[in-house]
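What follows is a short report on a single structure.
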Amino acid sequence: MCPKSSAAAARASPSQRNCPPTEGSDIASPAVEASVGTVARVSALAARAASPPVTLNAVAVRPARSNERLSVAIVDLPGLKRISKRHQATGRSGPDPEGDDAKRLSIRQQSRRIIRPFGTRGNRDTAEKPLRTRPALLILDMINDLVHPEGKKATDGYYEQVSSRNVLARTAIALDRARDRDIPVIYIVVGFSPGYADWPHDSPLFRAPSDADKPTLGTWGTRVHDALAPAPGESIVVKRRVSPFHGTHLDLLLRKHDVDSVLLAGVATDLVVLSAARDAHDRDYGVTVLEDATATTGLALHNAALRLIERTAAVMTVEEALPLRQVRVHLAPAH
């Protein structure tokens, strides 16, 4: 006679362990251990199994033999973190009298969900409650003059930091994942009109030896780097000072999209990113800075700016703020 509950199943005798899983139970006999692991580990174990694969949420795995342990990567529904279920292995050693084909790993389709919301305040040790629900991704000053090796400011340290820390690649991932989620993407570029009537002549930051050294609108230098090129329909906001909100229609665009939080990526961390984080905060937006999609002229200055930003915003990696929505693994039958 089979046990009628998961609690009774835990006390079941050996003769009852081949019963189908009861309501509320997570795994069928023989019991195996399922814990978070990489796709590579799943594939390695699957290569030794002879049964067809079964689908575990977004990950396909093969059941292990009764005396083996199986590690699987469990990915839940879109927007959710990787989660895990752990069960104690009690399988018997030796050949399985019922045959491997009769064994199937069965784990509940809906696992307990752990959500890391956009714009959670504080550092990556986030709070329990979600803060915002409608984010936008702002790409700040990722222009050729700053992040391209042939840019006017390439030798100031921007290109070296962007290149060594793979900032363009991480920002491209953030762009792809934002677009996949229908998150609005807005580009902000710094530039000045030919003739430079809008140039701040007395600014120590914008000081330039000649007009040729100034970022001029309509030129290659003020275009967004090709690796991060805007998609059709995405807005580009031109700014003439440090903050993307100063003298621009950025706030109007955000409110048009019903945005209540912003994800920030760009150069430089201590200038436009810091200013954007503060100004967005003061306009009551939730703010998350993508630390591996930002850079400045040196790592020490970058880290110092992030310490300041943490006072009014969340600081996360691209992976933490925009995790993969699904992982799909197809495992061919072993030969």
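Points to keep in mind about this one:
- Candidate set from the stretch 234-253 (those that are of a type in the set (A, V, I, L, M, F, W, C) and in a helix (DSSP H, G or I)); member that is surrounded by the most Cβ atoms within 10 Å (Cβ to Cβ): Leu250
- Of the residues examined, Ile183 is one that is part of a loop (DSSP other than H, G, I, E, B), in contact with a Lys or Arg (Cβ under 9 Å, 6 or more places away or on another chain) and at pLDDT 95 or above.
- Residue count for the stretch 153-182 satisfying the condition of being within 13 Å of the chain's Cα centre (by Cα) and among the aliphatic types (A, V, I, L, M): 6.
- Single residue of the stretch 298-313 satisfying the filter (surrounded by fewer than 19 Cβ atoms within 10 Å (Cβ to Cβ) and assigned to a loop (DSSP other than H, G, I, E, B)) that is farthest from the chain's Cα centre (by Cα): Gly298
- Here Pro232, Pro204 are screened, and the one residue that is farther than 17 Å from Met142 by Cα, of a type outside the set (D, E, K, R) and at pLDDT below 95 is Pro204.
So that you can scan it fast, the table gives a plain yes or no per residue for (1) surrounded by 12 or more Cβ atoms within 10 Å (Cβ to Cβ); (2) under 30 Å from Val259 (Cβ atoms); (3) free of Cβ contacts under 8 Å to residues at least 60 places away in the same chain:
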site: Arg165; (1), (2), (3): yes, yes, no
site: Leu168; (1), (2), (3): yes, yes, no
site: Leu175; (1), (2), (3): yes, yes, yes
site: Ile186; (1), (2), (3): yes, yes, no
site: Tyr196; (1), (2), (3): yes, no, yes
site: Arg223; (1), (2), (3): yes, yes, no
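- Some residue of the stretch 239-249 being over 24 Å from the mean Cα position of the chain (by Cα), over 18 Å from Leu168 (Cβ atoms), hydrophobic (A, V, I, L, M, F, W, C) and assigned by TED's automatic domain parsing to the domain that holds Lys214: yes
- Residues of the stretch 224-233 satisfying the condition of being assigned to a helix (DSSP H, G or I) and more than 21 Å from Arg181 (Cβ to Cβ): Asp226
- The residues in the stretch 260-285 that are in contact with a helix residue (DSSP H, G or I) (Cβ under 8 Å, 6 or more places away or on another chain) and not in a helix (DSSP H, G or I) can be counted, and the count is 9.
The values are calculated or read from the model by the stated rules, or taken from the named source; none is laboratory data. Just so it is clear, the structure is predicted and the values come from calculations on it, not from any experiment. Note: ideal-geometry Cβ built from the backbone for every residue, glycine included; neighbour counts use all protein chains shown.
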